[in-house]
Amino acid sequence: MSGTHKQRIGIIGGMGNEAMVDLIEKMVSIPGADAREFIAFGNARLAYKPEEVMHKWLPTDPPELRKVDTAAFTLRLMQHLGADVMGLACNSAHALFRRQLPAVPVAFVDMIHQTAHSLIGTLDNVLVMGVNSLVDSGLYQSALEAQGIASTKPSPDNQQKVMSAIYDSAFGIKTAQITREAEVLLCDVIRDECQQQGCSKVVLGCTELPLALTAASCERFKQEGLIPEHIEVIDASRVLAESLLTAQGEGESLASDLETYRGPHSDWFAPLTFKVSSFDMAAKIQNEVLRLTVDFLAARGQSVTGSYMHLPTLFISESAQDAEEKLQSMEMIVHTEDEALEPIIVDALERYYKDMNA
C-alpha cells in the first residue's frame, strides 16, 4: 500500500439510520476525521420488518434468510466501493455479520470487542443494556469475560422496559424521536439494576440507546436523581468512532462481478446516494432525510414503526471518484450536496414506500 494512500472507512448502518448519524457525528467530533475518505451505507433492508420484530425466528425462516443474503451483499458492495476498514453501527447485528466476514478481505473493527477491551481493569459487574437478541446472545458477556470482566443483564421486567423505550410505537426511540417516557424508563432500569447488582458501569449495547442516554443527558439525569452519580455510562458507538479513525487496512477488489454475490433472498432497494465533502455534511443530509421521513408519513396518517421503514441512503466522499463511477455503472444516480434536497428526498420516499407496499 502506498504511503500516500488515503484510508477509506466503510460504515454499515440502517438498523436504524439515526444510529448511523450518531456514529458519524461522533467521528466528526474527533480531530482529523476528514483526513480519511468514507462510504456510509444506511441499508434499512438489513433490519427486521415492523411485523417481524419481537419474534424468535429459526435460521431457515424467511426473515433470517433475507437478512443473511442482504448482509452478504452489503459487505460485498462495501468491498466493491473500496472500503479499507469497516465498522457496523449496530451491536446485535454483529452476530450476523461475523459469520459473513471471514469471506470478505476487508479489515473489520468490531465494536463489541473494542468496547470490552476499553474496560480492562474493571473490578465490579458491568451492566449490559440492549435489545433482547443482544442481551440473550451473550455477545457482550463473552467479550467482557475474555477480558476478565464480570457482567450482568437486566431482569426480565427491566428488559421489557428497555424494549419499550426502544420500540414502543408511541414513544420509542425507533419512532425517530427522543421522548421523556423513553428516558425515564431507561433511567429506571439503570438505577434499579445498579442498586440490585452493584454495578458502577453500564454498557449501551444498542446503538439506539446513546441517542437517549447522551453524555449531556446523563449529567442531567444525575442532577435530577434519576440515575446515581457514580454510574459511568459506556457509549459503544463512541468507542467504535475512535477505533475506526485509527484502524488501518487495505481493501481488495472483488474476485468476480458484484451481481454474483446477490443471493436468492437478498432484499435490495437502490439507496438515495450523495457524494459529500465531509462526514459532517453526510450527517446533515441524513438528518434531513429523517426529518422529511417523519413528515412524509405523518401527512399520510402513518409513523416510523421500525428501522425497515427508513429510506436506504448511501454517502461517499466526493474525492472517491472510483466509487462514484462504480455506482453510476450500477445505474444509480449520485447526487451532490449542493442540490435542492427536499424534492430529491421526497421523490425517493414516494418510490420507497410504493416498493415496500407492492
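So which residues in the stretch 313-352 are of a type outside the set (D, E, K, R), touching a residue at least 40 places away in the same chain (Cβ under 8 Å) and assigned to a helix (DSSP H, G or I), if there are any at all?
Matches in the stretch 313-352: ALA323, LEU327, LEU341, ILE344, ILE345, VAL346, ALA348, LEU349, TYR352.
Any residue that is open to solvent by 30 Å² or more (accessible area, probe 1.4 Å), on the phi < 0 side of the Ramachandran plot, of a type in the set (Ser, Thr, Tyr) and touching a Ser or Thr at 6+ places or on another chain (Cβ under 9 Å) - is there at least one of those in the stretch 45-63?
Yes: one or more hits.
Kindly establish whether GLY42 is in contact with a Gly (Cβ under 7 Å, 6 or more places away or on another chain), open to solvent by 10 Å² or more (accessible area, probe 1.4 Å) and under 24 Å from ILE285 (Cα atoms).
Here the answer is no, as GLY42 does not meet what is asked.
Conditions (1) more than 22 Å from ALA215 (Cα to Cα); (2) touching a Gly at 6+ places or on another chain (Cβ under 9 Å); (3) open to solvent by less than 60 Å² (accessible area, probe 1.4 Å), marked per residue:
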residue: SER237; (1), (2), (3): no, no, yes
residue: ALA241; (1), (2), (3): no, yes, yes
residue: LEU244; (1), (2), (3): no, yes, yes
residue: ASP257; (1), (2), (3): yes, no, no
residue: PRO264; (1), (2), (3): yes, no, no
residue: TRP268; (1), (2), (3): yes, no, no
residue: ALA283; (1), (2), (3): no, no, yes
residue: PHE296; (1), (2), (3): yes, no, yes
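Give me a count of the residues in the stretch 164-201 that are touching a residue at least 12 places away in the same chain (Cβ under 8 Å), open to solvent by less than 10 Å² (accessible area, probe 1.4 Å) and under 19 Å from ASN91 (Cβ atoms).
9
Checking the structure you have, find out if any residue of the stretch 202-209 is of a type outside the set (Lys, Arg), without any contact (Cβ under 8 Å) to a residue 40 or more places away in the chain, crowded, with 22+ Cβ neighbours inside 10 Å and touching a Cys at 6+ places or on another chain (Cβ under 9 Å).
For the stretch 202-209, residues of a type outside the set (Lys, Arg), without any contact (Cβ under 8 Å) to a residue 40 or more places away in the chain, crowded, with 22+ Cβ neighbours inside 10 Å and touching a Cys at 6+ places or on another chain (Cβ under 9 Å): absent.
The values are calculated or read from the model by the stated rules, or taken from the named source; none is laboratory data. Values in this document were obtained by computation on a predicted structure and should not be read as measured data. Here Cβ is always computed from backbone atoms with ideal geometry, including for glycine, and neighbour counts include all displayed protein chains. Accessible surface areas use protein heavy atoms only, side chains included; no ligands, DNA or RNA. Shrake-Rupley method; radii C 1.70, N 1.55, O 1.52, S 1.80 Å.
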